[in-house]
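Below is one structure, written out as structure tokens, with a few remarks after it.
The values are calculated or read from the model by the stated rules, or taken from the named source; none is laboratory data. Just so it is clear, the structure is predicted and the values come from calculations on it, not from any experiment. Please note: Cβ atoms are built from the backbone with ideal geometry, for glycine as well, and neighbour counts cover all protein chains shown. SASA here: full protein model, heavy atoms, side chains in, ligands and nucleic acids out. Shrake-Rupley method; radii C 1.70, N 1.55, O 1.52, S 1.80 Å.
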Amino acid sequence: MTEYLILCIAAFSAGLIDAVVGGGGLINVPAIFSTFPNGIPATLLGTNKLGGIWGTAAAAVNYARVVKIIWNVAISVACAVLVFSFIGAYTVTRIPSDFLRKCLPLILVMVAIYTFKRKNFGQSHTPFHTDTKERTLAFSTGAGIGFYDGFFGPGTGSFLIFVFVRFFGFDFLTASAISKIVNVACNGAALLLFGISGHVMWAVGFTMAVFGVAGSLVGTRLAIKNGSGFVRKLFLCIVVVLIIKTSYDAFLR
């Protein structure tokens, strides 16, 4: 019971963090692997997807009620991510990802420095592009991030938010809202694959989902109430944690 309680607390915390800036996997994945140390990795990851997707969907709905969603960008990125994440997943079975694993901490350091130095970065919503150019850039962005998500994965949600702010001119709140819609599409495809393969513990997953949704509702309300400045600060915190984790995975493990 203690282990399940820890898992539920982790799901709530992951839902809260993920609803604001992404990175819920940093909490959920270690929690479920430690709770079921003898579990099959694919089954644990599939169960985590089931637990997480409901919280992400709840966050997306909550944001859509308050934040103006740029649907042509959200749909274009989501479609590209769906296709190219499968291509990335196939590629990783043919090409080792060790080089990218070692480069990732450096990339994240540059993201953190850029965000930290520009105090007004992502504070105002001033889109850079017209509809046609925006849609084309969105699909290209989705292709690149989707491939990365399938090929390697850590920090995908945070990269999405950074790209939306840096290259589209969105504020952090809008970027976070759109990233949730993309995440629902991506996680839904992965969950379908895990479910068909029989790699989901449904009872555990739905239990995590309840607490994940509760956490996501708290997270979205905090983000909407406190605005882009709050999201920016939490984004920087998550990127720092990702730098530490990816550095450990690449050089010390």
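Before moving on, here are some points about what is shown:
- Count of the range 226-253 residues which are of a type in the set (A, V, I, L, M) and free of Cβ contacts under 8 Å to residues at least 40 places away in the same chain: 2
One line per residue, one yes/no per condition, for (1) within 30 Å of Lys225 (Cα to Cα); (2) of a type in the set (D, E, K, R):
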{"position": "Thr43", "(1), (2)": "no, no"}
{"position": "Lys49", "(1), (2)": "yes, yes"}
{"position": "Ile53", "(1), (2)": "yes, no"}
{"position": "Asn72", "(1), (2)": "yes, no"}
{"position": "Val77", "(1), (2)": "yes, no"}
{"position": "Cys103", "(1), (2)": "no, no"}
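To keep it simple, each residue is scored yes or no on (1) of a type in the set (Gly, Ala, Ser); (2) surrounded by fewer than 21 Cβ atoms within 10 Å (Cβ to Cβ); (3) assigned to a helix (DSSP H, G or I).
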{"residue": "Arg166", "(1), (2), (3)": "no, yes, yes"}
{"residue": "Ser179", "(1), (2), (3)": "yes, no, yes"}
{"residue": "Ala189", "(1), (2), (3)": "yes, yes, yes"}
{"residue": "Leu217", "(1), (2), (3)": "no, yes, yes"}
{"residue": "Ile243", "(1), (2), (3)": "no, yes, yes"}
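- Looking only at the range 85-99, residues that are among the aliphatic types (A, V, I, L, M) and modelled with pLDDT of 75 or more come to 1 in all.
- All positions within the range 28-79 that are under 16 Å from the mean Cα position of the chain (by Cα) and either at pLDDT below 85 or not hydrophobic (A, V, I, L, M, F, W, C) (or both): Asn28, Val29, Pro30, Leu45, Gly46, Asn48, Lys49, Gly51, Gly52, Gly55, Thr56, Tyr63
- Candidate set: the range 127-183, residues that are over 17 Å from the mean Cα position of the chain (by Cα) and hydroxyl-bearing (Ser, Thr, Tyr); chosen: the one nearest to Val29 (Cα to Cα): Ser140
- Selection within the range 129-159: residues that are touching a helix residue (DSSP H, G or I) at 6+ places or on another chain (Cβ under 7 Å) and of a type in the set (D, E, K, R). The member of this set that is modelled with the highest pLDDT is Arg135.
- For the range 191-210, the tally of residues that are open to solvent by 60 Å² or more (accessible area, probe 1.4 Å) and either touching an Asp or Glu at 6+ places or on another chain (Cβ under 9 Å) or farther than 18 Å from Ala58 by Cβ (or both) stands at 6.
- Tabulated pairs, the range 197-225, first closer than 17 Å to Leu45 by Cβ and without any contact (Cβ under 8 Å) to a residue 60 or more places away in the chain, second of a type in the set (Lys, Arg) and buried (at least 20 other Cβ atoms within 10 Å of the Cβ), C-beta under 9 angstrom, 6+ apart or interchain: none
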